[in-house]
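What follows is a set of notes on a single structure, which appears directly below.
The values are calculated or read from the model by the stated rules, or taken from the named source; none is laboratory data. As the structure is a computational prediction, the values presented were derived from the model and not from experiment. Here the Cβ positions follow ideal geometry from the backbone for every residue, glycine too, while neighbour counts run over all protein chains shown.
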Amino acid sequence: MAEAVTPPRIRPHLGRDEWLMGGGLLVLALYLAVTLLIPLVIMLAKSLEDRQGVFVGLSNFAQYFSNPARSGAVGNSLWVSALATLIVIALAFGYAYALTRSCIPFQGLFRLVAMAPLLAPSLLSAIALIYLFGNQGIFKGWLFGESIYGPIGIVIGSVFWTFPHALIILITALSSADARLYEASESLGATRWRTFITVTLPGARYGLISATFVVFTLVITDFGVPKVIGGQFNMLATDIYKQVVGQQNFQMGAVVSLILLLPAVLAFFVERWAQTRQSSAVSSRAVHYQPKPRPGRDWALLGLVSVVAMLILGILGMAAFASLAKLWPYNLSLTLSHYDFSNADGGSWTSYGNSIRLALYTAFFGSLIVFAGAYLVEKSRVAQPLRTATHLLALIPMAVPGMVLGLAYIFFFNAPGNPLNFLYGSMTILVLATIAHFYTVSHLTALTALKQLDPEFESVSASLKTPFYRTFWRVTTPMCLPAILDIGIYFFINAMTTVSAVVFLYSPDTTLASVAVLNMDDAGDTAPAAAMAMLIVLTAGVVRLLHTGLSHWLHRHTQAWRR
Amino acid sequence: MKLSKLAQALWCAAAVAGFTTVVQAKTELLVYTAVEADELAGFKQAIEADYPDLDIKWVRDSTGIITAKLLAEKANPQADVVWGLAATSLKFLADQGYFQPYAPKGVEQLDPKYMDSAKPPVWVGQRAWIASLCFNTVEAEKLKLPKPTTWQDLTKPEFKGHVVMPNPNSSGTGFLDVSAWLQMWGEEKGWKFMDGLHQNIAQYTHSGSKPCKMAAAGEIPVGISFAYRGAQEKTKGAPIDVIAPSEGVGWDLEAFAITKGTKNLGAAKQLADWSVTRKANELYNQGYAVVAMPGVAKPVPNFPAGIANLMIKNNFEWAAQHREAILAEWAKRYDSKSEPKK
């Protein structure tokens, strides 16, 4: 830390660079304010109003907590999320460790498989889980008479879909290490365990903490899994659904949303604390760590990775089967007829095209905004309060249920006097909402990548009188290209699969495939819904493969410094 | 020669086409609806055949989402017409002054119990959406369950853990059932029935069609749902019986209303006029057994026979007034038991 915090302060170009960076930060803060903060404040302020819009202070909160059914949801949400987080982090850390620090074969394949849950709309995994463990399920007996509808289903479903989120952050955290530290540790005679505890873990600490909070918040705010498979197990997120969609009680919905924001605020402070103890893993003098084969470790890790990969493929395979079986569970002969959407939703191919457009725009503009933003937050040395504020803003979206964001956008963008009203009902508003909705994980990925670069790069270029944007463009961006691509693909895939925010914002000209999946399932067309969802999975999968090819190429051409 | 003649003809046709599009600029009508997507294409075609100037643009989603969207847009409404949405939702929005009262031409031919009592009416019903049981005969045989014919049957001990119903706090269909039981039997007996039913419920779902889907897939043998969904599942081949319990069944209407302040009032009125015609009612009848115009309805395949006679005398006013209190009481009694029972 010492060398990182006090770079030489003699900077001839200080004035211009700082103005530019400050200006950039201001633009970013304004952008986040318009697409996130102001809509949310308008929405959450409703928690202090009654249904007629009259200010009533905290009485909604009092009413909420006086109902035992409601307050029980708080405890349920907490323990289920904590349990799921524990499982995900343990598995994802082992998996990421295997992919970055061991010599197991088929690393590329395992990486692809692990990302597969990202490709699927959450409904797909829920359908698969019911077919696997439901009352007619193939492996029903494995639950020892317990029901899949309830906490068990929620935990399994949540672990499945949040696993890749944790993995992305942990792979980024583990993929750069300074080989000199390991050599030093070895030559000092430390055991492997001790090296793990004193070198590996501290190096990945920032990633671990981020991943923990990301997963915890994702689980606690997700309503998709508990809605489909949670039975009547009460959680905060399903409570929002009941209030907003069941009863159109936005005021109570706002109350629950505010309660859900607490973990994000907590995450912010813990992360700040962790950051003060974080040192850059890759100093400008670092030598990239290269794992050597070690049979015992490699076999054990291969076992772990294979089991996890098999589970993921099993769930996806079941979903694929669901889209092909004629009439579950009474007629299991296979058919492709569910892929003919002409008798389900007429516009679904148009919707599919719209979804692809949305995904492309979101990926392009999203990664641009997020990476530039993260750079300014991490590397600029000006306007400290503005940086802190921007960073806090970037962490909020993760804790905001999509439904709340969607409604907040209606209230803000559709207000009669709003000059941005022309965006309402357009593709642009869907892009803005989707970028805002998935901002946090992208921001954290970018930050994790940026934190691994020694600030000396900036100091050196400053002393060489190079303006910061040139360093940004010629050093930082190429070094972080894999992370930028990861962010792009993350946006793309989420834009393909997301429902909760955009369901309130699409117009007749911008209907989406993911919404069609939900509606088909709602209409009782489970198999066509699974089929459409598989189509989304396949599309996202193809894009994912292209991305892997591109990453490989980039790695060879820009990441020589890691070798 | 021939070629040039053809070109000339094409040219003329293009000019005429261009001319007519200029003259009859179509009016785009933004219509919010909760009608199933597969029916919408047919409705659009039929409407535009009778009113060629109209260009219907649907925004379709589930009842809860559409109602929430409408309410959130209250400050600056986007929809021109709300069409095929639950009357309960329309009433809720109407009470906030969302709609423009209008008596469509020929509305007097409809059964007055299917529309708003004000003159002119704020909303007009199209067809009824009726509660029913979906009963899986294959699973019932495995479990030796008798076929239920009344609501009270469902409280018998042999049905323990074999019944699903929608949570009224998340689903309009769930509320429709609770409201019907309370209206039929009064507060005391109604709640007592639900206490008994609760003992047998395997799970409360968040959507009204889910219980019937679960029954159709054999997850749970008995689903409390609605007749349209049951008939659809049965037609698709699911081994279920669709049953209307003999004490009486709750119902709601799919109805329409014109948004106050719409820029396309004339076009909106055309759609309203079309929606009460005999032709419209015949189309409504393709999926639903009970429609607003008397004498039109023909039996719909797989609908419970005689279901129209079992529809309770539904007091929408009473249901709307007591909704919040009923939901709170329901949540207090049944929602706090969070663990699903086996």
- [ ] Show the residue pairs that are 6+ apart or on different chains and have beta-carbon atoms under 6 Å apart, the first residue being within the range B:51-68 and among the hydroxyl-bearing types (Ser, Thr, Tyr), the second being modelled with pLDDT of 95 or more.
- [x] B:51/B:270
Task: the range B:286-313 - residue that is buried (at least 20 other Cβ atoms within 10 Å of the Cβ) and not small (Gly, Ala, Ser) and, of those, nearest to the chain's Cα centre (by Cα) - done: B:288
Open item on the list: Considering only the range A:223-234, I want to know if a residue exists there that is in contact with a Phe, Trp or Tyr (Cβ under 6 Å, 6 or more places away or on another chain), in contact (Cβ under 8 Å) with a residue 12 or more places away in the chain and either away from every other protein chain (no Cβ under 14 Å) or surrounded by fewer than 20 Cβ atoms within 10 Å (Cβ to Cβ) (or both).
Closed with: no
- [ ] Check off (1) assigned to a helix (DSSP H, G or I); (2) modelled with pLDDT under 95 for residue B:191 and give me the number that stays unchecked.
- [x] (2)
TODO: Output the qualifying pairs, or none if there are none: Cβ atoms under 9 angstrom, residues six or more apart or on different chains, first residue in the range A:183-202 and surrounded by 12 or more Cβ atoms within 10 Å (Cβ to Cβ), second residue at pLDDT below 80 and assigned to a loop (DSSP other than H, G, I, E, B).
DONE: A:183/A:287; A:199/A:177; A:200/A:177; A:202/A:277; A:202/A:278; A:202/A:279
Open item on the list: When you scan the range A:347-369, do you find a residue that is outside any helix (DSSP H, G or I) and within 14 Å of another protein chain (Cβ to nearest Cβ), even just one?
Closed with: yes
- [ ] Kindly check whether there is at least one residue in the range B:122-131 that is polar (S, T, N, Q), under 19 Å from residue B:212 (Cα atoms) and within 29 Å of the chain's Cα centre (by Cα).
- [x] no
Open item on the list: Within the range B:140-177, take every residue that is buried (at least 24 other Cβ atoms within 10 Å of the Cβ) and among the aliphatic types (A, V, I, L, M) and give me the one that is farthest from the chain's Cα centre (by Cα).
Closed with: B:163
Open item on the list: Taking the condition of being out of contact with any Phe, Trp or Tyr (no Cβ under 6 Å at 6 or more places or on another chain), within 12 Å of chain B (Cβ to nearest Cβ) and either under 20 Å from residue A:221 (Cα atoms) or crowded, with 16+ Cβ neighbours inside 10 Å (or both), how many residues in the range A:419-432 meet it?
Closed with: 1
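Residues are listed down the side, and each one gets a yes or a no for (1) modelled with pLDDT of 85 or more; (2) surrounded by 23 or more Cβ atoms within 10 Å (Cβ to Cβ):
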residue: A:488; (1), (2): yes, yes
residue: A:491; (1), (2): yes, yes
residue: A:502; (1), (2): yes, yes
residue: A:508; (1), (2): yes, no
residue: A:512; (1), (2): yes, yes
residue: A:517; (1), (2): no, yes
residue: A:523; (1), (2): no, no
residue: A:528; (1), (2): no, yes
Open item on the list: Here is a list: B:329, B:282, B:324. Which entry is within 14 Å of chain A (Cβ to nearest Cβ), surrounded by fewer than 16 Cβ atoms within 10 Å (Cβ to Cβ) and in a helix (DSSP H, G or I)?
Closed with: B:324
- [ ] Can you confirm whether the range A:136-145 contains a residue that is assigned to a helix (DSSP H, G or I), within 12 Å of another protein chain (Cβ to nearest Cβ), more than 17 Å from the chain's Cα centre (by Cα) and not acidic (Asp, Glu)?
- [x] yes
Task: Matching residues in the range B:99-139 - criterion: being small (Gly, Ala, Ser) and crowded, with 22+ Cβ neighbours inside 10 Å - done: B:125, B:128, B:131, B:132
Open item on the list: Whether any residue in the range A:297-306 is within 30 Å of residue A:532 (Cα to Cα), under 25 Å from the mean Cα position of the chain (by Cα) and modelled with pLDDT of 75 or more is what I want to check.
Closed with: yes
- [ ] Report yes if some residue within the range A:228-248 is over 30 Å from residue B:207 (Cβ atoms), out of contact with any strand residue (DSSP E or B) (no Cβ under 6 Å at 6 or more places or on another chain) and not acidic (Asp, Glu); otherwise report no.
- [x] no
Open item on the list: Can you confirm whether residue A:148 is part of a loop (DSSP other than H, G, I, E, B) and surrounded by 22 or more Cβ atoms within 10 Å (Cβ to Cβ)?
Closed with: yes
Task: Scope the range B:152-172; condition more than 11 Å from every other protein chain (Cβ to nearest Cβ) and part of a helix (DSSP H, G or I); matching residues - done: B:152, B:153, B:154, B:155, B:157, B:158, B:159
- [ ] Pick out, from the range A:47-134, the helices (runs of 4 or more DSSP H) lying fully within it that include 2 or more residues that are surrounded by fewer than 20 Cβ atoms within 10 Å (Cβ to Cβ) and at negative phi.
- [x] A:59-66, A:68-101, A:107-119
Open item on the list: The conditions are (1) crowded, with 21+ Cβ neighbours inside 10 Å; (2) in contact with a Gly (Cβ under 7 Å, 6 or more places away or on another chain); (3) of a type in the set (A, V, I, L, M, F, W, C), and residue A:382 fails exactly one of them. Which is it?
Closed with: (1)
- [ ] Identify all residues within the range B:205-236 that are assigned to a strand (DSSP E or B) and over 20 Å from residue A:136 (Cβ atoms); write none if there are none.
- [x] B:226
- [ ] Give the residues of the range B:50-75 that are among the basic types (Lys, Arg), touching a strand residue (DSSP E or B) at 6+ places or on another chain (Cβ under 6 Å) and either at the interface with another protein chain (Cβ under 7 Å from one of its Cβ atoms) or part of a helix (DSSP H, G or I) (or both), sorted by residue number.
- [x] B:57
Open item on the list: Considering only residues that are among the small types (Gly, Ala, Ser), modelled with pLDDT of 90 or more and more than 14 Å from the chain's Cα centre (by Cα), which ones fall in the range A:425-463?
Closed with: A:426, A:433
Open item on the list: I'd like to check something: does the range A:219-231 contain any residue that is assigned to a helix (DSSP H, G or I), hydrophobic (A, V, I, L, M, F, W, C) and more than 24 Å from the chain's Cα centre (by Cα)?
Closed with: no
- [ ] Give the range A:392-422 a look and list any residue that's closer than 20 Å to residue A:29 by Cα and without any contact (Cβ under 8 Å) to a residue 60 or more places away in the chain, or say none.
- [x] A:418, A:419
